[in-house]
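Asks: Handing you a structure now.
Each value in this text was obtained by applying a stated rule to the coordinates, not by laboratory testing. No experiment lies behind these values; they were computed from the predicted model shown. Counting neighbours? That spans all protein chains shown, and the Cβs are built from the backbone with ideal geometry, glycine included.
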Amino acid sequence: MPMLHALARLIFPIAFSFLLIKFAFRLGQKKQRDRIFGGANLEMVKAKDALFSFKDIAGIDQVKEEITEIVQFLRDPARFLSLGARSPAGMLLVGPPGTGKTLLAKAVAGEAGVPFFSIAGTEFMEMFVGVGASRVRDIFKQARANAPCILFIDEFDGIGQARSYGGGGGDENVHTINQLLTEMDGFEDNTGIVVMAATNRPSSLDQALTRPGRFDRIVHMPLPNVDVRRLAPRGWDA
């Protein structure tokens, strides 16, 4: 009996430690799966919480004039559609870092009084094929539930890089862009959703993304001049 007690005292801590390690390993695997296969990390700013509008942006009056109709549409989509107007599809903001692309997208939402959804293009790319496409479906589902709204994709070249059909890691890029094109082409109702994207590498984007009905409106963001830099608008970012 003493030997059995001694053996039990020896085996029990080892078995308990083994089970604890196994549990921690499985918990880590679950968190990893949730991170990879979970929904898109989409940030939302409600209309009432908007911090920016056109008055917060200086030096790009011509750009603001170009997108005024987008603001007007978002304020009252039903009126424009009743007149036979087509819902705007996508707008691509092009310019080097520091020209206010993100700030402009936020200001459009603030000026129109609609929710602002944002996500980085790099959020879509994972090692497992199909994850990026799933996240594209997820962000459009959330946007449709909150339309009218702005859906903003920063670092767009992270998701929209020209497709490669050579197999391997390029397959995920192909599936993700194909799903984005499907969503943009409007097989489901995208009324009231204006998709804006920002990039400083437009030449790297897949050509299919800039065809009519997709990101067919390209807005070039100029570098701020000396007078604008002196104003230093609050929240100025890329």
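Asks: Points 7 angstrom from Cα along the Cβ direction at GLU69 and HIS220: gap in nanometres?
Replies: Going by the 7 Å Cα→Cβ label model, 2.0 nm.
Asks: I need the phi-derived Karplus couplings for the stretch 42-54: 6.51 cos²θ - 1.76 cosθ + 1.60, θ = phi - 60°, integer Hz, Gly and Pro marked x.
Replies: Result, ordered by residue: 8, 8, 10, 10, 5, 4, 6, 9, 4, 9, 10, 8, 4 Hz.
Asks: Along the stretch 173-185, what does the Karplus equation 6.51 cos²θ - 1.76 cosθ + 1.60 (θ = phi - 60°) give for ³J(HN,Hα), rounded to whole Hz, x for Gly and Pro?
Replies: 4, 5, 4, 5, 5, 4, 5, 4, 5, 4, 5, 5, 6
Asks: Another question about this same structure. Report, by chain and number, residues whose modeled amide H sits under 5 Å from the one on ASP216, excluding near sequence neighbours (fewer than 5 apart, same chain).
Replies: The answer is GLY90.
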